[in-house]
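S.K.: Mind having a look at this structure? Questions to follow.
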Amino acid sequence: MKWSAFALSSLIDSVVVTESDRTQPLIALVGNPNAGKTSLFNALTGARQKVGNYPGVTVEKVSGQVEIEGKPAEIVDVPGLYSLAAISTDEEVAVEALLDESTSPDLVVYVMDASNLERNLFLFSQLAETNLNVVVGLTLTDVVHREKGEIDLAVLSNHLGCEVIPVVSHKNEGLKELREAMGRAIAEPRELELDLGFPKIVTDAAARVVEQMNRKGIDLKPTEARCVLMDENCSTGDRFREIPELWAVVEEERKLIFGANVQARTVDAQSRYAWASRVKSESYVLPSVPRGRTKTEMVDALLTHRVFGLVIFLGIMYAVFQSIYTFAAPFMDLIDAGKSAVAGVVGGLLEGTPVLQSLVVDGIIEGIGSVVIFLPQIMILFLFISVLEGTGYMARAAFLMDRLLGWCGLNGRAFIPLLSSFACAIPGIMAARVMPDQRSRMMTILVAPLMSCSARLPVYVLLIGAVIEPRFGAVWAGLSLFFMHFIGLAVAIPIVLILNKGWFKGKRLPFMMELPKYQWPRWKDVVLTVFSRAKVFLVTAGTIIFAMTVLIWALLYFPRGDTAAYEKEWVGQGKVVAEDSGFDQYAELRQREDSILGRFGRAIEPVFVPAGFDWRLTTAILAAFPAREVVVPAMGILFGTGGDVDEESASLKDSINSATWPDGRPLMTPWTAVSLMVFFALCCQCMATLAAIKRETNSWKWAWFAFGYMTALAYILSVAIQQVGRMFGG
Amino acid sequence: MAERVISAKDLRRGMRARIESVGDEEALHTRLLELGLIPGTEFKVTKIAPLGDPMELELRGYRLCVRQSEVECLRLVELD
């Protein structure tokens, strides 16, 4: 069990992000989305990265190690921000981590996009009013140079009041200089002071508040006073909001300002942008002038074209889907074969001790195998995702698809996670991280397992082949297969609408995003993403899947039944115990029935009778809860043809068709077949999915919620189908 | 210069407009202001998605995608 002990400790290590007692300086990379934060982070840390969660929320925290003047420092890649006034959970977490005294960094590296100075200066102007220690890393200067622009760094640095270091992350340019500047700033922290040029009426009022507060023994800075005046909920006000005498001072001045018809937020933004625009025009020696149509515009004319754009989009999505559906298959077969080979060898070595043999082969090796089997799909999908993100196409995909997904409360970025889920929900759920806000991320994660994954296909093929096709012909067989793939999607829409209207009400976030300039993917970033996703899956979701596999093994293995009793039953049916007499299958079946899980199945069997399922189908369903892949072999065992069958086996189809209820009625009517397929389509029979939800939402609550609603939905719909079918005489 | 008061629904590709006012209640309006959509700002509609929404605006030297519903709170004036 050394493996799991190791994995468990990494799990704890990576999930519980403890706020260190600061043996090392803490550095935060802060910046607008698309400013080049992650590339700079990768360039500074290399592979020395750790992925965890901010305490208590689904927001991921990526941190790493960087060397500053020969000493190690911790560096955190803070989620992209437009403003310190957070409106989403991700932004809230990021802002809180920056401003809270216990977690606030020793240094902020503000990543500023040189080709979009004005808007990038807005957030900087807010940072400058906190007491954070800031150094600027100026990115995308290569873009400015290409457009024949030139920035005077001395002028810019003079305006900002801190060092400004140009960096080109993918060429490793400026990294050394940035590290040196970081070292200097950590050694000598200083606060920034900007003159943002607020209207006189505001600055005068702020000065009066400062004066009065000082007289009453409260230390307040002019910027803090202005913050309270402009926004009464500003956290600076917390110190005296509850003291009526002091708060009255603020209220008085607020009345004066607003009486003069000043819209606080508008004035705030106007002043900051006026400042930003001034800084920009003075810092540019030569203005950056895009020559004619830029390459990005030309590519976009095609890729966002109303016809070609959609056609190309569908083509790319088809390629992504095919890759995880088809190209991953040989790798998965290889892993499967490797698992069987190891199981064969190890099983042979442990022949003498059946309990240990079964634990190692069916529990541990199976457990490891069922984790590793997901890696090809996860790695292939994240290869695509990071290339699509890296080139800038991902934002276009969201732009194209937003209308289609936006109306029900999702957004355009949900397309890839949902599409991937048609191959497998695990990579699909992990891909939901491309969505920058927690609300749509949660909704996507919760409906992703409804998409019909490839593991459901064998059930459809078996039942359609055995029941639908012989009676209704190939056309109906094809139609029902199509319908089965569609039903999950159809059900997902009302689920999203309900979640949107009920659960996540009142937190609707604007779509607002940018279409970044096209560029070639940075292979270093791609490789890092693929491997960090694989690692995260292995150490977190993988540990849970492994532990659950061993647990399920135990529930199906214990208590050991009495083989002699099974022999007696077998002989009692007038059969002989011999090789190939079918006794081995019978004993296996009886053993499962007598196991803890088997007894449980028996006990709840009556629950499934209204759906048209007898004890065999019920037990097959229960056996498939950990992973629906096992259902076909399980039905083989339960319908007496042995576990060595697949969805094309004629023997299994025959025994399903000839199976009856105790009173002689045929078991598998077309209605029962449909009801069983719908159950499999909607039910969350996959513990790996639950483990992935737990990992991505950082909470078991949402994993159980998905399990609960999907199981309930599956049950209700399959009962409804069976009952309606009976009314029509099925 | 011909000026015409319009709303977000009237925006077409290639059109240029100036923002006259932004609402001042919701978080959404604050975000619009923070992104530089403040009174007096001029922008150009550079793209409209094939399905009719969202659209891309060019302002302050950068480009921003917004949904029509999110910019309905802006009072706009069409520029020539």
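The values are calculated or read from the model by the stated rules, or taken from the named source; none is laboratory data. Quick caveat: nothing in here was measured; it's all calculated off a predicted structure. All Cβ positions, glycine included, derive from the backbone under ideal geometry; neighbour counts span all protein chains shown. Keep in mind that these areas ignore ligands, DNA and RNA; they rest on the heavy atoms of the full protein, side chains included. Shrake-Rupley method; radii C 1.70, N 1.55, O 1.52, S 1.80 Å.
S.K.: If one computes P(r) from the Cα atoms of the protein assembly as shown, what percent of pairs lie at distances over 35 Å? Provide the component values of the computation, followed by the final result.
M.R.: Details: 182029 of 327645 pairs.
Looking at the protein assembly as shown, the distances longer than 35 Å represent 56 percent of pairs.
S.K.: Now a separate question. Between the helical axis of A:2-15 and the dominant principal axis of chain A, each derived from Cα atoms, what acute angle in degrees is found, rounded to the nearest 10?
M.R.: With rounding to tens, the tilt is 40 degrees.
S.K.: Which cross-chain or sequence-distant (5 or more) residues have an amide H under 5 Å from the amide H of A:Phe511, H modelled 1.01 Å from N in plane?
M.R.: It is B:Arg67, by chain and number.
S.K.: What is the magnitude of the charge dipole of the stretch A:2-187 about its Cα centre, with +1 placed on the Cβ of each Lys and Arg, -1 on the Cβ of each Asp and Glu, and no other charges, expressed in debye to the nearest 20?
M.R.: Details: 14 positive and 26 negative charges, 123 e Å.
For the stretch A:2-187, the charge dipole is close to 600 debye.
S.K.: Taking a 1.4 Å probe, which of B:Lys44, A:Lys295, A:Lys653 shows the most accessible area, and what order do the others take after it?
M.R.: On the way: B:Lys44 80, A:Lys295 165, A:Lys653 45 Å².
Ranked from most to least accessible, the order is A:Lys295, B:Lys44, A:Lys653.
S.K.: Now a separate question. So which of A:Lys501/B:Lys47; A:Lys295/B:Lys44; A:Lys61/A:Lys501; A:Lys37/A:Lys517; A:Lys171/A:Lys517; A:Lys517/B:Lys47 end up more than 24 Å apart, counting from Cα to Cα? Each step should come with its number before you reach the end.
M.R.: Working: A:Lys501/B:Lys47 31 Å; A:Lys295/B:Lys44 19 Å; A:Lys61/A:Lys501 29 Å; A:Lys37/A:Lys517 15 Å; A:Lys171/A:Lys517 18 Å; A:Lys517/B:Lys47 14 Å.
Where the Cα-Cα span goes over 24 Å, the pairs concerned are A:Lys501/B:Lys47; A:Lys61/A:Lys501.
S.K.: Given Cα positions, please report Rg to Rh for the stretch A:446-492, the hydrodynamic radius being the Kirkwood one. Mind showing how you got there, number by number?
M.R.: Working: Rg = 11.5 Å, Rh = 11.1 Å.
Answer for the stretch A:446-492: 1.03.
S.K.: For the stretch B:3-79, what % of the accessible area comes from carbon and sulfur atoms, probe 1.4 Å? Show your work: numbers first, answer last.
M.R.: Details: 1240 of 2920 Å².
That fraction is 42 percent.
S.K.: Rg and Dmax of the stretch A:200-261 over Cα atoms: what are they, in angstrom?
M.R.: Answer for the stretch A:200-261, Rg first and Dmax second: 10.3, 31 Å.
S.K.: On average, how many beta carbons from a partner chain sit within 10 Å of the beta carbon of a residue in A:79-89? Walk me through the numbers on the way to the answer.
M.R.: On the way: counts 0, 0, 0, 4, 5, 1, 5, 1, 6, 2, 0.
Mean shielding by partner chains, rounded to a whole number: 2.
S.K.: In addition: Express the carbon and sulfur contribution to the solvent-accessible surface of the stretch A:308-451 as a percent, rounded to the nearest whole number, probe 1.4 angstrom.
M.R.: Values: 3820 of 5000 Å².
It is 76 percent, rounded to a whole number.
S.K.: Provide the per-residue ³J(HN,Hα) series for the stretch A:394-407, in order, calculated from phi with Karplus coefficients 6.51, -1.76, 1.60 and θ = phi - 60°, each as a whole number of Hz, with x at glycine and proline positions.
M.R.: In residue order, the calculated couplings are 3, 5, 5, 4, 5, 4, 5, 9, 4, 4, 5, 9, x, 5 Hz.
S.K.: Another question about this same structure. Buried accessible area between B and A (1.4 Å probe, both chains summed, ligands and nucleic acids excluded), in Å² to the nearest 100?
M.R.: Working: alone 4960 and 33810 Å², together 35560 Å².
For B against A, buried area totals roughly 3200 Å².
S.K.: For A:Lys71, give me every one of the lysines with a C-alpha distance below 20 angstrom, ignoring sequence neighbours fewer than eight places off in its own chain.
M.R.: A:Lys50, A:Lys176
S.K.: Using a 1.4 Å probe over the heavy atoms of the protein chains, calculate the carbon and sulfur portion of the accessible area of the stretch A:200-261 as a whole percent.
M.R.: Values: 1850 of 3600 Å².
Result for the stretch A:200-261: 51 percent of the exposed heavy-atom area is carbon or sulfur.
S.K.: Non-local amide H neighbours of A:Thr641 (under 5 Å, H modeled in plane, Pro and chain starts lacking H): which ones?
M.R.: Correct list: empty.
S.K.: Taking a temperature of 20 °C and a viscosity of 1.002 mPa s, what whole-number D in µm²/s does Stokes-Einstein yield for the stretch A:528-577 with Rh from Kirkwood over alpha carbon pairs?
M.R.: Values: Rh = 14.4 Å.
Using the Kirkwood radius from Cα pairs, D works out to 148 µm²/s.
S.K.: Which is farthest toward the positive dipole end of chain A among A:Cys424, A:Ala564, A:Val111, measuring Cα position about the Cα centre, with Cβ charges +1 (Lys, Arg) and -1 (Asp, Glu)?
M.R.: A:Cys424
S.K.: Give the separation of the Cα centroids, the stretch A:62-103 to the stretch A:294-342, in Å.
M.R.: 33 Å
S.K.: Lone cysteines in chain A, going by a 4.7 Å Cβ-Cβ cut-off?
M.R.: Among the cysteines of chain A, those whose Cβ sits 4.7 Å or more from every other are A:Cys162, A:Cys408, A:Cys424, A:Cys453, A:Cys683, A:Cys684, A:Cys686.
S.K.: Enumerate the amide H contacts of B:Ile48 below 5 Å, restricted to partners 5 or more residues apart or on another chain; note that Pro and chain-start residues carry no placed amide H.
M.R.: Sorted by chain and number, the residues that satisfy this are B:Glu56.
S.K.: Let me ask something else. With a 10 Å radius around each residue's Cβ, average the other Cβ atoms per peptide and rank A:470-483, B:10-23, highest first.
M.R.: Ranking, from highest mean packing down: B:10-23, A:470-483.
S.K.: Using DSSP loop states and a limit of at most 12 other Cβ atoms within 10 Å to flag GluC sites (Glu not before Pro), what is the longest stretch of chain A containing no flagged site? Before the final figure, lay out the partial values.
M.R.: Values: sites that count: A:Glu19, A:Glu69, A:Glu101, A:Glu193, A:Glu242, A:Glu351, A:Glu579, A:Glu648.
Of all site-free stretches, the longest is A:352-578.
S.K.: So what is the diffusion coefficient of the stretch A:659-730 in µm² per second by Stokes-Einstein at 25 °C and 0.890 mPa s, using a Kirkwood Rh over Cα pairs? Write out the running numbers ahead of the final one.
M.R.: Values: Rh = 13.7 Å.
Value of D from the Cα-based Kirkwood radius: 179 µm²/s.
S.K.: With each label point set 7 Å from Cα along the Cα-Cβ vector, what nm distance links A:Cys408 and A:Leu302?
M.R.: Distance between label points: 3.3 nm.
S.K.: Mind pulling the angle between the C-alpha long axis of helix A:542-557 and the longest principal axis of chain A? Nearest 10 degrees, somewhere in 0 to 90.
M.R.: Between the helix axis and the principal axis of chain A, the angle is about 20 degrees.
S.K.: Tell me, what is the per residue accessible area of chain A in Å², probe radius 1.4 Å? Before the final figure, lay out each step's value.
M.R.: Values: 32280 Å² over 730 residues.
About 44 Å² of surface per residue is accessible.
S.K.: OK, next. Which of the residues in the stretch A:376-410 show a loss of at least 10 Å² in accessible area from their chain by itself to the complete set of protein chains, at a probe of 1.4 Å?
M.R.: Residues shielded by partner chains are A:Phe399, A:Leu400, A:Asp402, A:Arg403, A:Leu404.
S.K.: Go through the stretch A:231-236 residue by residue and turn each phi into a ³J(HN,Hα) via Karplus (6.51, -1.76, 1.60, θ = phi - 60°); whole Hz please, and just put x for glycine and proline.
M.R.: Values, residue by residue: 9, 5, 8, 3, 5, 4 Hz.
S.K.: Using a 1.4 Å probe on the protein heavy atoms only, what accessible surface does A:Lys517 show? Give it in Å² to the nearest 10.
M.R.: The accessible area comes out at roughly 100 Å².
S.K.: Report Rg(Cα)/(2.2 N^0.38 Å) for the stretch A:269-422, keeping two decimals.
M.R.: Ratio of Rg to 2.2 N^0.38 Å for the stretch A:269-422: 1.72.
S.K.: Among A:Trp615, A:Pro670, A:Ile365, whose Cα sits farthest toward the positive end of the charge dipole of the protein assembly as shown (+1 at Cβ of Lys/Arg, -1 at Cβ of Asp/Glu, about the Cα centre)?
M.R.: Final value for the positive-end residue is A:Pro670.
S.K.: Can you tell me the FRET efficiency between A:Glu211 and A:Arg184 if r is taken as the Cβ-Cβ distance and R0 is 45 Å, rounded to the nearest 0.05?
M.R.: Details: r = 36 Å, r/R0 = 0.80.
Calculated value: 0.80.
S.K.: Let me ask another. Checking a compactness column here: for chain B, what do you get for Rg(Cα) / (2.2 N^0.38 Å), N being the number of residues?
M.R.: Here the answer is 0.99, to two decimals.
S.K.: How large is Rg over Rh for the stretch A:452-553, taking Rg from the Cα atoms and Rh as the Kirkwood inverse mean of 1/r across Cα pairs?
M.R.: Details: Rg = 21.6 Å, Rh = 19.1 Å.
Taking Rh as the inverse mean 1/r over Cα pairs, Rg/Rh reads 1.13.
S.K.: Output wanted: per-residue J couplings in Hz (rounded whole) for the stretch A:86-102, from phi through Karplus 6.51 cos²θ - 1.76 cosθ + 1.60, θ = phi - 60°, x for Gly and Pro.
M.R.: 5, 10, 10, 4, 4, 5, 4, 4, 5, 5, 4, 4, 6, 9, 5, 4, 6
S.K.: Where both partners of a DSSP beta bridge lie in the protein assembly as shown, what percent of those bridges are antiparallel, to the nearest 5? Intermediate results must be reported in sequence, preceding the final value.
M.R.: Working: 39 of 57 bridges.
Rounded to the nearest five, the antiparallel share is 70 percent.
S.K.: If you put +1 on each Lys and Arg Cβ and -1 on each Asp and Glu Cβ, how big is the dipole of chain A around its Cα centre, in Debye rounded to 20?
M.R.: The dipole magnitude comes to about 1400 debye.
S.K.: May I ask for the angle, rounded to the nearest 10°, between helix A:264-283 and the longest principal axis of chain A, with both axes built from Cα atoms and the value confined to 0 to 90°?
M.R.: Taking the Cα atoms of chain A, the angle to A:264-283 is about 70 degrees.
S.K.: In debye, nearest 20, what is the charge dipole magnitude of the stretch A:308-451 about its Cα centre with +1 on Lys and Arg Cβ and -1 on Asp and Glu Cβ, if you could check?
M.R.: Working: 7 positive and 8 negative charges, 136 e Å.
Computed about the Cα centre, the dipole is about 660 debye.
S.K.: Normalised by the empirical 2.2 N^0.38 Å for globular proteins, what value does the Cα Rg of the stretch A:80-149 take? Walk me through the numbers before you get to the answer.
M.R.: Working: Rg = 13.5 Å, N = 70, 2.2 N^0.38 = 11.1 Å.
Normalised by 2.2 N^0.38 Å, the Cα Rg of the stretch A:80-149 equals 1.23.
S.K.: If I take the Cα coordinates of the stretch A:2-187 and project them onto the principal axes, what are the three extents in Å, biggest first?
M.R.: 59, 34, 31
S.K.: Continuing with the same structure: Residues of the stretch B:32-53 losing 20 Å² or more of accessible area relative to the isolated chain, 1.4 Å probe, heavy atoms only?
M.R.: Buried on complex formation: B:Leu33, B:Glu34, B:Leu35, B:Ile38, B:Pro39, B:Lys47, B:Ala49, B:Pro50, B:Leu51, B:Asp53.
S.K.: Return one whole number: the accessible area per residue of the stretch B:3-79 in Å², for a 1.4 Å probe.
M.R.: Dividing the accessible area of the stretch B:3-79 by its residue count gives 38 Å².
S.K.: Got a sec? What order do A:Lys216, A:Lys535, A:Lys280 fall in by accessible area at 1.4 Å, biggest, i.e. largest, first? Numbers along the way, then the final one.
M.R.: Numbers: A:Lys216 90, A:Lys535 120, A:Lys280 55 Å².
The residues order as A:Lys535, A:Lys216, A:Lys280, largest area first.
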